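First comes the structure, then the notes that go with it.
What follows draws every value from the coordinates through simple rules; no lab data is involved. Small disclaimer: the values here were computed from a predicted structure and weren't measured. We place every Cβ from the backbone using ideal geometry, glycine too, and count neighbours over all the protein chains shown.
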Amino acid sequence: MVLMTRWLDPDEQRTWRAFLAASRALMETLDRELQRDAGMPHAYYEILVRLSEAPDRRLRMSELADATGSSRSRLSHAVARLEAAGWVRREDCPTDRRGQLALLTDDGFATLAAAAPGHVEGVRRHLFDALSPAQVDQLRRISEALTDHLTRP
């Protein structure tokens, strides 16, 4: 069976490239600001956020990797850096001898609390302030549709 390539038409090509450019520029800007203002990359910030929202501020390492869209080895490296900073601690999982938990420390929570206002302001300034309320609604609906499509079993 031979499949025909469904090439992008000029409008689709412009949309695709605009999406890539906007996504890349937004994430690079937010990452640069977090590095400058809080001394951490966006990936570390996301780990701290996920832990702060978890019961008892702890998650299994495998769950944390899934939640952040990271490979297990990349997450392990990041958590090692966060441990060195005193922001995260690893613990053995009480229900699974092979598993480990990542725990957000009080210092990590304080670091996150200090970084959050600047980060939220950056998200507001670089994303929401650039869009009308109707565009924000469209962006949410488009993002939800893509997420549903891409995560459907």
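Structure data summary
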{"item": "Cα long-axis angle, helix 72-85 against the chain (0 to 90 degrees, to the nearest 10)", "result": "50"}
{"item": "Histogram of C-alpha separations across the range 31-151, 5 Å bin width, %", "result": "2, 10, 18, 19, 17, 14, 11, 6, 2, 1, 0"}
{"item": "Efficiency of FRET from Cβ geometry, Asp92 and Ala22, R₀ 41 Å, rounded to 0.05", "result": "0.45"}
{"item": "Dipole of the range 1-119, positive direction: furthest Cα of Ser52, Ala25, Ala110, with charges on the beta-carbon", "result": "Ala25"}
{"item": "Pairwise label distance in nanometres, Ala110 with Ser73, each label 7 Å out on the Cα-Cβ vector", "result": "3.6"}
{"item": "Relative contact order %, the chain, counting alpha carbon pairs below 8 Å whose residues are six or more apart", "result": "21"}
{"item": "Pairwise label distance in nanometres, Asp148 with Asp9, each label 7 Å out on the Cα-Cβ vector", "result": "2.4"}
{"item": "Packing-based exposure ordering (other Cβ within 10 Å, fewest first) of Trp16, Trp87, Trp7", "result": "Trp7, Trp16, Trp87"}
{"item": "Check: the chain dipole with +1 on Lys, Arg Cβ and -1 on Asp, Glu Cβ, in debye", "result": "380"}
{"item": "For peptides 100-107, 133-140, sequence by mean Cβ density within 10 Å, most packed first", "result": "100-107, 133-140"}
{"item": "Tilt relative to the chain, helix 10-38 - C-alpha long axis, 0 to 90 degrees, to 10", "result": "30"}
{"item": "The chain: angle of helix 106-126 to the longest principal axis, Cα-based, in degrees nearest 10", "result": "20"}
{"item": "Sparsely packed trypsin sites (Lys or Arg not before Pro) within the range 1-77, loop by DSSP, other Cβ within 10 Å at most 16", "result": "Arg6"}
{"item": "Theoretical FRET efficiency, 1/(1+(r/R0)^6), r = Cβ-Cβ of Arg141 and Ala84, R0 41 Å, to 0.05", "result": "0.50"}
